[in-house]
Amino acid sequence: AGIADGRWEGLWLTRPPRQQGRSMEGSRLGPLLEQLKAQKTKLAAAVAGATLIAGAGGVYLHWRHSRKRSLKRPFVIKDLANGETVEDPQAELTKVVSWLQDAIIRPIDARLPGRPFEHDLLAFPFTPMVVVVGNHSAGKSTFINDLLGLKMQETGVAPTDDGFTVLQRHPTRDEIEDGPTLLSCPENRPFKELQRFGQPFWGHFRRKRLLLPENTIMPYGLQIVDTPGMIDMPVKTEHMAGGRGYNFIEVVRWFAKRADLILLLFDPDRPGTTGESLDVLTRSLSGLDHKFVIILNKVDQLDSSVDFARAYGTLGWALSKVIPRKDIPLIYTMFNAGAEVEGAPLREHTLPLEAFRKKRREVVAEVLRAKSRHFDNVITSTEDTMRQLQMVAQVLGAVQRRIRTQYKEAAIWGVLALGMPALLAAKMFYDKWTGTRWVPVAFGTGYAGIGFGIQRLLREYCKQFERLQVADLDSYFEEAYAWYFIHVDAEDLRVRWATVRPRVASLLRAASSSLAVLPEIPAWEVDRINECLDKDIWYLRLLAKLLRGADALPAEAVPGTLPARAEVNGKVSGKK
């Protein structure tokens, strides 16, 4: 009747008690299930939202991280080869080099012990420079006087100059500046770095700015550095600093790295045989042979071809000991123009003096070309520093990874060797020991002492392992650059490694506590160096080409350094 009438109450009243109870439970669970479904939907939505937020946060952090690693150039690399132009190539080149030093080299160098690349960086502006190096009485000052067209440097057989003299053309007057004044020279900011060599060097450092004759071939904007003649002290001690009061070898290297041309003059009487000359060649000028102009000077003093062959051969033999190449470097054979004086008695010569004059004109042409090579040398120096930094990072990283792996292995073996017996002993004492408690305490104390001794032993083992790795750097170099050695010998890498190896060894020895705690240079920073070497260095080369302009005049077009001299049938005026 209830169903027929559409009323459920009748049905409810006619059900058995058990069915009525189940119906009551179902009526109570229904809303609860609905609430659970609603809460489940909300929970799923919350989880999805949290996941979405976490994913977005991860993407944002990854973007920030990758943006931090990406290169932010303050300039635009233009396609100069296909017609794009730069308003001021010199300012653009300076900006690119400064950015490479500040954004790529300095951050890595600051994390390395002792900042090994700090003194390799360049400061702007600085004037193009030619450095003249040689034994005493090799004719350095005479050659410089001939370039200037004026006798400004003292000459003689005995050593005549005990300091570094910068000579430069001035448009209006003569000026002489002492060392402390030069350290703050506005047009040569790198001179400030010379402060680190101390007062003994400043007192032997000066600049002469000269009002030169109109017919001089010395251009404006070029400075010639006359260095002290290299000699040997009869007695050498550690505190004498080579007998000069300052580190002469390091000072020569500082000037050589920033020079656009290095003239190495040798006397036939002493063709590169002094100990200081060999030190300069092996330590000061290492890796800078692309700037060398090697000169055997005063060949007019030789009386025969036998004497010439002996002097030339001796110099070649001495150079072969310090320049590790099969090919003998080009040696210019010449004599100074001041040796020929008109009106002096004629002197018979069997040597080809005209050929020697031609070589002298070629050397003068190289000096005059130094200004046009200035920015190319700046780029080469920056590129070389970056490639050395890249090699240091890769080899140092390989050594650190090996040492850290060894530390982890030693720690794991130490924990296993000490932990397992300690656990077994603890379980035995806990389960079966019924005696006095002092026995476990004494055992634990003794075992702790044994563990301390083993820990010290493992630490000393790791230290010894580190020292062995420093002595085996060549194998890490081969491992780091194994990919390059698959098909080619990569001799350029081996030559660079010969220069970089002492730096890596010094860095590893300078680690205060352990090599494993040295800051590792991550791979992405090495990748940034590679990118800059591929793109920015090429852009700099194009800028330097714009600055270089037309090629320099050939040597034959360079005018003679002095008026024509008398020469008749192989006889020239002059004296030894």
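The values are calculated or read from the model by the stated rules, or taken from the named source; none is laboratory data. Only a predicted model underlies this, so the values are computations on that prediction, with no experimental measurement involved. No Cβ is skipped: glycine too gets one built from the backbone with ideal geometry, and neighbour counts run over all protein chains shown. Each accessible area value is taken on the protein alone, full model and side chains, heavy atoms only, with ligands, DNA and RNA left out. Shrake-Rupley method; radii C 1.70, N 1.55, O 1.52, S 1.80 Å.
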Straight-line reach check, LYS298, cutoff 22 Å on alpha carbons, 8 or more apart in-chain or any other chain, hits among lysines -> LYS140, LYS151, LYS358, LYS359, LYS571, LYS575, LYS576
Any idea of GLU118's accessible area? Nearest 10 Å², probe 1.4 Å.
-> 80
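Quick check: from the Cα gyration tensor, does the stretch 113-231 come out rounded (a/c under 1.5), prolate or oblate?
Values: a/c = 1.95, a/b = 1.32, b/c = 1.48.
Taking the square roots of the gyration eigenvalues as a ≥ b ≥ c, the stretch 113-231 is oblate.
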Residues ARG401 and HIS119, FRET efficiency given R0 of 41 Å [Cβ-Cβ distance, rounded to 0.05] | 0.90
What length, rounded to one decimal in nm, is gained on full extension from ASP289 through to THR350, with 0.36 nm per residue of separation minus their alpha-carbon distance?
-> 18.7 nm
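For TYR447, TYR60, give me the order by solvent-accessible area with a 1.4 Å probe, most accessible first, ignoring ligands, DNA and RNA. Write out the running numbers ahead of the final one.
Details: TYR447 55, TYR60 115 Å².
Heavy-atom accessible area, descending, gives TYR60, TYR447.
Could you rank ARG357, ARG310, ARG196 by how accessible they are, 1.4 Å probe, largest area first?
Details: ARG357 20, ARG310 140, ARG196 110 Å².
The most accessible residue leads, giving ARG310, ARG196, ARG357.
How high is the relative contact order of the stretch 381-514, in percent, with contacts defined as C-alpha pairs under 8 Å that are six or more residues apart? Don't skip to the end; give the middle numbers.
On the way: 39 pairs, mean separation 65.1, N = 134.
Contact order relative to length: 49 percent.
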What pairs from LYS326/LYS535; LYS95/LYS192; LYS78/LYS257; LYS408/LYS535 go past 31 Å between their alpha carbons?
-> LYS326/LYS535; LYS408/LYS535
Each residue of the stretch 112-128 in order: what ³J(HN,Hα) in whole Hz does its phi give by Karplus 6.51 cos²θ - 1.76 cosθ + 1.60, θ = phi - 60°, with x for Gly and Pro?
-> 8, x, x, 6, x, 9, 4, 8, 8, 7, 9, 10, 10, x, 8, 7, x
Residues with amide H under 5 Å of THR333's amide H, sequence separation 5 or more or different chain, H placed in the peptide plane at 1.01 Å from N; which?
-> LEU296
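How would SER277, SER305 rank on accessible area, largest to smallest, probe 1.4 Å? Walk me through the numbers before you get to the answer.
Numbers: SER277 0, SER305 75 Å².
Sorted by accessible area, descending: SER305, SER277.
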